[in-house]
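Shown next, in structure tokens, is the structure this report addresses.
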Amino acid sequence: MTKNYRIKLYVLKFLILIPSFLAPIFSLAQSTAELNAPEKIFFNAKIFTSNIQKPYADAIAIKGKKIVGVGNLAQIKKSVGPNAIMINMHGGTLLPGFIDSHNHAIEGGETLLQANVYDSMLSVAELISYVDTCIQTKFGFSGDVLVIKGLNISTWSSLKDLMATFNGGNYENIPILFAGSDGHTGWSNSALQKKAGINSAFISSLDAEGKKYFGIESNGSPNGFIADSGFVKLDAVIPASKIDRNKVAVKAMEYNNSCGITAWLDPAAGDIGYKGKNLMLESYKYLAEKKLLTAHIAATVVADANGDPQKQINSLKILRTKYNSIPNIYVIGFKIFADGVIEYPTQTAALSKPYTNSGSMGILMYDPKKFSAFVIAADKSGLLVHVHAIGDRAVTETLNGFEAARKTNGNTQIPHTITHVQVMKEEDISRFANLGILASLQLYWAMSDVTTIDIVKPYIDPTLYQLQYPARSLLHAGVKICGASDWPVSTANPFYAIYEAETRRGKKGVLDSSQTVPRLAMLYAYTINAACALREEKKIGSLEVGKSADIIFPDRDVLMVDAEELKNTKINWTMFEGKIVYSSSK
């Protein structure tokens, strides 16, 4: 082969690669002004619309905040004026903006500005190094208490190491709280326990139910571990953070938009029993007033299923009057906790069979009859109920409550939702579908690792373990699966969750391959299905005429690449209501 021939062959190969290799570069070359033009057409694109009737297109027309045409270029040209900007995507992929059906965005924004180890599995030595850096730099302190968030929950399997390290020496007089990434657990050192009055006398004063929220040694003394309601004692002595909440809110928007997320359900945006300001809702209100709200926000507020339903419904109506008049903020109902979490040593998830190490069946956080009455009243008032349920008993009792509402009120079509669903009875799968209940699933967690094997499998009945994160079973039964992250418990990046849903692959192999979910089903889960969970499916969730122009441009063809390549997908730009709100080029 001559030198000139090799050069010609190389040039030919390069030219052949241009459409796929340089497509993102060409498209990103479009100026922000062009992308933000009031009238524009994206053409020569691979468009997944998430409209089940017409899932694919190669051109989309936008006028102002709305989509005015979807199809091929010839079909949609008439939907805009002659001066519309024509944007050639050179074969690049466009998707609807992602929707997260369970995202604590404002809390997540706080973690971006606080001491946080982001769910990393740290050795004690690595944790010491991080703590020492925080002490030296004065970073992470709320008053005199060092608060470090995002501890992987496998850390609690090494409580003796934490006690030996952080209860004395250089840390003897420094109150320290390690908060678990799950948002339900933590560990406090002896200095913080002393400050909070958590001692042997306090533990002995608790009833059996109250003791479940604290780690207790054989001699009756606390070991620092704490869960759920146990945090009340700590919260009373930890000064409020001085972080600027407005900055927190802006950070939350930036992060979610960078993940391609343009809408979410904030499941705990307030508390119906809190007499002061609902700070999360106030943060969203601030963003809207400053024209910095770059997502559609549906919100539920935490309620007490054992309390007076009508009193709480009346309070919620006041919140709806205050916030629902603000564009893109919608208070849609209540959040209820049915139980806690399943992992050792917490074990507060409500199970139908006892934990093998303790004989406990976990904690059901409501009275089933009162929960049914609550759901019936909320449903009758047109309000959605979004329930945290991890254990199979919590799922069963929650379905019982929803069934009572359907029987009493008829099928009101309100998309009540159960979120998490880590383990469940097989017979409840069909009930999920028959009752029209949505499943808001965090399938990023459905991987084979320490958190799903080492600190779960030895401690629960094998028959329960068989249906851990039963995503495909739910899908096959006709249950509408909605994509969710529970950020900041874990990353909000939908591509990571889609990868795990498709492979269930982790450091310890594959977690039950029979429960994998096809990629296309997950794309629907993170778009139109999740829009249903927000009660916004007529406005967002798919690329259809009349809907909001919320579009994302990933850096690869996410419909065609293999799973390993998919999880590395990045977002080139995110468009919300026809305007670019995130660009990787900036």
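When both residues are 6+ apart or on different chains and their Cβ atoms are under 8 Å apart, which pairs have a first residue that lies in the range 46-57 and is in contact (Cβ under 8 Å) with a residue 40 or more places away in the chain and surrounded by fewer than 16 Cβ atoms within 10 Å (Cβ to Cβ), and a second that is among the small types (G, A, S) and outside any strand (DSSP E or B)?
Every condition considered, no pair remains.
Those residues that are of a type in the set (D, E, K, R) and more than 23 Å from the chain's Cα centre (by Cα), I need them from the range 340-366; list them, please.
K353
Yes/no per residue for (1) in contact (Cβ under 8 Å) with a residue 12 or more places away in the chain; (2) on the phi > 0 side of the Ramachandran plot; (3) within 31 Å of the chain's Cα centre (by Cα):
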site: N72; (1), (2), (3): yes, no, no
site: Q75; (1), (2), (3): yes, no, no
site: N83; (1), (2), (3): yes, no, no
site: P96; (1), (2), (3): yes, no, yes
site: D100; (1), (2), (3): yes, no, yes
site: G108; (1), (2), (3): yes, no, yes
site: T133; (1), (2), (3): no, no, yes
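Would you tally the residues in the range 356-392 being charged (D, E, K, R) and surrounded by fewer than 24 Cβ atoms within 10 Å (Cβ to Cβ)?
4
From the list S585, S548, S542, which one is under 28 Å from K40 (Cα atoms), surrounded by fewer than 20 Cβ atoms within 10 Å (Cβ to Cβ) and in contact (Cβ under 8 Å) with a residue 24 or more places away in the chain?
S585
Within the range 276-298, which residues are touching a Lys or Arg at 6+ places or on another chain (Cβ under 7 Å) and part of a strand (DSSP E or B)?
Matches in the range 276-298: A298 only.
Given (1) free of Cβ contacts under 8 Å to residues at least 60 places away in the same chain; (2) in contact with a helix residue (DSSP H, G or I) (Cβ under 6 Å, 6 or more places away or on another chain); (3) not in a helix (DSSP H, G or I), where does I453 come up short, assuming only one miss?
(2)
What number of residues within the range 364-382 are in contact (Cβ under 8 Å) with a residue 60 or more places away in the chain and among the polar types (S, T, N, Q)?
1
So which helices (runs of 4 or more DSSP H) stay within the range 510-586 end to end and still have 1 or more residues that are closer than 22 Å to L265 by Cα?
Hits in the range 510-586: 519-524, 530-533.
Being modelled with pLDDT under 95, more than 30 Å from A530 (Cα to Cα) and of a type in the set (A, V, I, L, M, F, W, C) narrows it down to one of A196, A208, A191, A227, so name that one.
None of the other options fit; the residue is A208.
Would you say V145 is modelled with pLDDT of 95 or more and touching a helix residue (DSSP H, G or I) at 6+ places or on another chain (Cβ under 9 Å)?
Answer is yes for this residue.
Residues in the range 232-276 that are more than 27 Å from L523 (Cα to Cα), of a type in the set (S, T, Y) and touching a residue at least 60 places away in the same chain (Cβ under 8 Å): how many?
The number of residues fulfilling the criteria is 1.
If R406 satisfies every condition in (1) touching a Leu at 6+ places or on another chain (Cβ under 8 Å); (2) buried (at least 24 other Cβ atoms within 10 Å of the Cβ) but one, which is the exception?
Single failed check for R406: (2).
Restricting attention to the range 345-354, report how many residues are buried (at least 20 other Cβ atoms within 10 Å of the Cβ) and either touching an Asp or Glu at 6+ places or on another chain (Cβ under 9 Å) or of a type in the set (S, T, Y) (or both).
Of the residues in the range 345-354, 5 are buried (at least 20 other Cβ atoms within 10 Å of the Cβ) and either touching an Asp or Glu at 6+ places or on another chain (Cβ under 9 Å) or of a type in the set (S, T, Y) (or both).
The values are calculated or read from the model by the stated rules, or taken from the named source; none is laboratory data. If you're wondering where the values come from, they're calculated on a predicted model, not measured in any experiment. As a convention, Cβ positions derive from the backbone with ideal geometry for all residues, glycine included, and neighbour counts pool all protein chains shown.
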